[in-house]
1. If you take every residue apart from ALA165 with its C-beta less than 11 Å away from the C-beta of ALA165, what net charge results, scoring Lys and Arg +1 and Asp and Glu -1?
2. Whole number please: convex hull volume per residue, Cα atoms of region 50-127, in Å³.
3. Taking the alpha-carbon centroid of each part, what is the distance from region 329-381 to region 1-66 in angstrom?
4. Let me spell out the model: positive unit charges on the Cβ of Lys and Arg, negative unit charges on the Cβ of Asp and Glu, origin at the Cα centre of region 129-237. What dipole size does that give, in debye rounded to 20?
5. Can you give the translational diffusion coefficient of the chain in µm²/s, computed by Stokes-Einstein from the Kirkwood radius over Cα pairs at 37 °C and 0.692 mPa s?
6. To the nearest 10 degrees, how steeply does helix 359-372 sit against the main Cα axis of the chain, on a 0 to 90 scale?
7. Can you tell me the Rg and the Dmax, both Å, for the Cα atoms in region 66-186?
8. Which percent, to the nearest 5, of DSSP beta bridges fully inside the chain are antiparallel?
Amino acid sequence: MKTQVAIIGAGPSGLLLGQLLHRRGIDNVILERRSGEYVLSRIRAGVLEQGMVDLLREAGVDRRMDEEGIPHDGFELAFDNRRVRVDLEGLTGGKTVMVYGQTEVTRDLMEAREAVGATTIYEAENVQPHDLDTDHPYLTFEKDGEICRLDCDYVAGCDGYHGVARRSIPEDRIKTFERVYPFGWLGILSDTPPVSDELIYANHERGFALCSMRSKTRSRYYVQVPEDEKVEDWSDERFWDELKARLPDDVAGKLVTGPSIEKSIAPLRSFVAEPMQYGRLFLVGDAAHIVPPTGAKGLNLAASDVNTLYRLMVKVYQEGRTDLIARYSEVCLRRVWKAERFSWWMTTNLHKFSDGEDFERRIQQAELDYYTSSQAGLTTIAENYVGLPYESLD
């Protein structure tokens, strides 16, 4: 087999890259080690930045998003038993976010790829990149017991933190930065109406809480728990009681509870790999960086990588601009570190790190009070939340 761009991973970043490239006449093949059903079963983020919404429109997969997604022009920060609204639209000159689940984004992209007959090979086992530092890279993989080879011009590693792409870079050619947080998020999905029309991020002495949604009838809620907590120890009743305890009284009083349809605990970490490329391999999304979910930057940051690589490939194939290849990592990392900073700031100021009324707790309160009582502070939060502008290659 031969293609122009080989994409490892059929998650939303790999599928979005493939869709954009296909629409510009650039041939690509996606290899995915899991089944399509497994990929769709993963419950992930659901807040899309303005830039990602625009990119999905460019990819031609916006119909269902526009029909079922929920535009949000603000969100709330809750602390000291009060709520402060961050007016995204008013503070950023009209930018907003869209609440639309990652599972739905993935489904839309899968269907679009299938409709045009582009090649995705699911259950491709033991994918291995070769000759990445040459002009003729290729991938080998196993499918139905046979060893196959895929020749290509470039390789996009969209296979996540645990994937093979980053591990294929020699250790002396890559450096990693990491911070692991001493807590996780216990989240549930329930077929109950959201407690608020907008997301609520809550700082409380008992720990962080988040009120989110997937639709007008399906809610997603989270509470901070110790890193060694077991999901089996949390009944639905215990979860709802804890969530109510961490929300302002007026919010807790109108919370509609019900049986959970999914419950899980997600660890929190910050991670960046530099550089994000090696030879003709480009790392995209979680393969290169992880952010804590506070601030909803994970999927959106992957989309900004896709945007950069997509536009780079268009310039390479349509304008012969191979000189821009070496700029991919530099351009991506400028935005990556700014998103890492915002996610770190939100995590640091909304979570409980220790017991007692210590110095850190007082600093949190001062930070939140300062930022929410200052027009400049609110603007800073809003600009980062809707997403900073995509970086240009030129």
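1. 0
2. Values: hull volume 12.3 nm³, N = 78.
Hull volume over Cα atoms, normalised by residue count, gives 158 Å³.
3. 31 Å
4. Details: 13 positive and 23 negative charges, 78 e Å.
Computed about the Cα centre, the dipole is about 380 debye.
5. On the way: Rh = 21.9 Å.
My calculation gives 150 µm²/s for D.
6. It works out to around 80 degrees.
7. Rg and Dmax of region 66-186, Cα atoms, are 21.6, 61 Å.
8. Values: 54 of 72 bridges.
Just about 75 percent of them are antiparallel.
We did not get these values from a lab; they are worked out from the coordinates using the rules stated. Quick caveat, the model's predicted, so the values are computed rather than measured. Methodologically, a virtual Cβ is constructed for each residue, glycine included, from the backbone with ideal geometry; neighbour enumeration extends over all protein chains shown.
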